[in-house]
Amino acid sequence: MPFPYSKYYYWITLPLAGFIGLWIGNHQIPHGDFFVFWTSGKHFLSGESLYASKASGLTFLYTPFAALIHAAFGVFPLKTASAIFTSLQLFCLFAIIRTSWDWFVVSPQQIWGWGISWLVTLWYFYLNIVLVQNNIFLFTIIFYSLKNYLNNKILPAIVLLIIAILFKMQFVLLLGWMILYPGRNKILLYLPLCLLVGVGIPMLFRQEYFLIDWKEYYHFFWSELIRPSVFTDYRNQSLLPSVTRLFNVPTLNANYASVQIGWIHFAYLRPTIKVISILLYFCTLLNSYVRSPNKPHLSGAAHILVVCLLISPLTWTQHLVFLWLAAWYIVPKSYNNWKILSLLIFTLPILTWSYFWGTEFQFYVYSLGIFTGLILMTWIILCFYKPSVSQIQ
């Protein structure tokens, strides 16, 4: 179905992206996540350590490949870099909105489902814009990777996916879904070459620092995940930290509210959640294959992205842009079967708005893991989703 006013769309959205980017860039200060990204880019270019030094008290937690991408912004002053970064993110968002309409909206009946799926996830995209985060970029890469994959364009699909994986390694779970289906064996041929190029490009820039970068990345990020500790900050909404907050008595200096519902020794909790996470992933793969055994369906990829949010060591609210694909499938299906269930689920985060309820209430609600519940409920509903011709394959 044609997009309304399609020939004027980019004439309107591109200047809007530039204007918003300039406004946010003008208010950018040397603090927060974007300052960390920008600093990592400068360090990448200057040959300094990407991880040993902090930026405004924060450690860079992405891969050396991500620092290579951030280096494109590190050549500019902070405010200019923030303006360009935000404008590009908004352009990506506007491109996805347009592409998703052309791809998904086949009949007039699907317009309302498409619109509501954007409405109920708009808050997460907004957070990424105002906080100047990476996630809209990553969602764009994943989105077009999946589009190419479902159109059997394997090489561009795997190139885009490798970029996302080298940026955030949790997206390797999508690779397992991609190779699940017959006729996609070319992925295994392209994969080593793409990985070699993706790892080799940073080596050309960093040279003798290349191995040091990956050792420090392991030391400052992955080794922390292996140790018997969990980052239980109340904003972290993945499965392990949320369950840990609920079943462990907080200390006096805890960064979450004392809302525990019981007590389980942590020595047993962590390995149990790890096993559950593995089972969630393989259960999702099996569910995707059983419900669409002959041809991959985009709902299966949406299901995998939900698992990524559940089992990631760090899941902030702004990461939930990856729920958009799930919303596209859940909203119309839930509306037909359970009336307003999907709207209730996806608008529940309104409870966390400090504008209405105050920061103390927000602190308790986050500590309870309201977004963990949202992600888990989304995963459960997608388990019962049956692919049909009424939505995109």
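The values are calculated or read from the model by the stated rules, or taken from the named source; none is laboratory data. All of these numbers come straight from a predicted model, not from anything done at the bench. Because the Cβ atoms are built from the backbone with ideal geometry, glycine has one as well, and the counts that use them run over all protein chains shown. Accessible surface is based on the protein model in full, side chains and every heavy atom, while ligands, DNA and RNA are left aside. Shrake-Rupley method; radii C 1.70, N 1.55, O 1.52, S 1.80 Å.
In table form, for the structure just shown:
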{"item": "Residue, farthest from the chain's Cα centre (by Cα), within the range 29-61, restricted to residues that are of a type in the set (Phe, Trp, Tyr) and at pLDDT 90 or above", "result": "Phe44"}
{"item": "Residue selected from the range 169-185 under the condition over 15 Å from Ser145 (Cα atoms) and surrounded by 13 or more Cβ atoms within 10 Å (Cβ to Cβ), by the criterion modelled with the lowest pLDDT", "result": "Tyr181"}
{"item": "Filter result for Ser117 (surrounded by 17 or more Cβ atoms within 10 Å (Cβ to Cβ) and under 19 Å from Trp324 (Cβ atoms))", "result": "yes"}
{"item": "Pair list, Cβ < 7 Å and 6+ apart or interchain, from the range 76-91 residues that are free of Cβ contacts under 8 Å to residues at least 24 places away in the same chain to residues that are open to solvent by 30 Å² or more (accessible area, probe 1.4 Å)", "result": "Phe76/Ile84"}
{"item": "Failed condition for Phe220, given (1) out of contact with any Phe, Trp or Tyr (no Cβ under 8 Å at 6 or more places or on another chain); (2) modelled with pLDDT under 80", "result": "(1)"}
{"item": "Hey, Trp101 at negative phi, more than 20 Å from the chain's Cα centre (by Cα), open to solvent by less than 20 Å² (accessible area, probe 1.4 Å) and of a type in the set (Phe, Trp, Tyr) or not", "result": "yes"}
{"item": "Among the residues listed as Pro241, Pro202, the single one being closer than 22 Å to His43 by Cα and buried (at least 21 other Cβ atoms within 10 Å of the Cβ)", "result": "Pro202"}
{"item": "Pick from the range 30-52, criterion among the polar types (S, T, N, Q) and in contact (Cβ under 8 Å) with a residue 12 or more places away in the chain, ranking: least open to solvent (accessible area, probe 1.4 Å)", "result": "Ser40"}
{"item": "Residue ranges of helices (runs of 4 or more DSSP H) in the range 294-388 with at least 1 members open to solvent by 20 Å² or more (accessible area, probe 1.4 Å) and modelled with pLDDT under 80", "result": "324-338, 341-347, 354-357, 359-368"}
{"item": "Hey, Val197 surrounded by fewer than 17 Cβ atoms within 10 Å (Cβ to Cβ) and modelled with pLDDT of 90 or more or not", "result": "no"}
{"item": "The one condition in (1) more than 28 Å from Val290 (Cα to Cα); (2) crowded, with 19+ Cβ neighbours inside 10 Å; (3) in contact with a Gly (Cβ under 9 Å, 6 or more places away or on another chain); (4) of a type in the set (A, V, I, L, M) that Ile162 fails to fulfil", "result": "(1)"}
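Residue by residue, here is whether (1) outside any loop (DSSP other than H, G, I, E, B); (2) closer than 16 Å to Leu166 by Cα; (3) in contact with a strand residue (DSSP E or B) (Cβ under 7 Å, 6 or more places away or on another chain) holds:
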residue	(1), (2), (3)
Leu45	yes, no, no
Ala52	no, no, no
Leu61	no, yes, no
His70	yes, yes, no
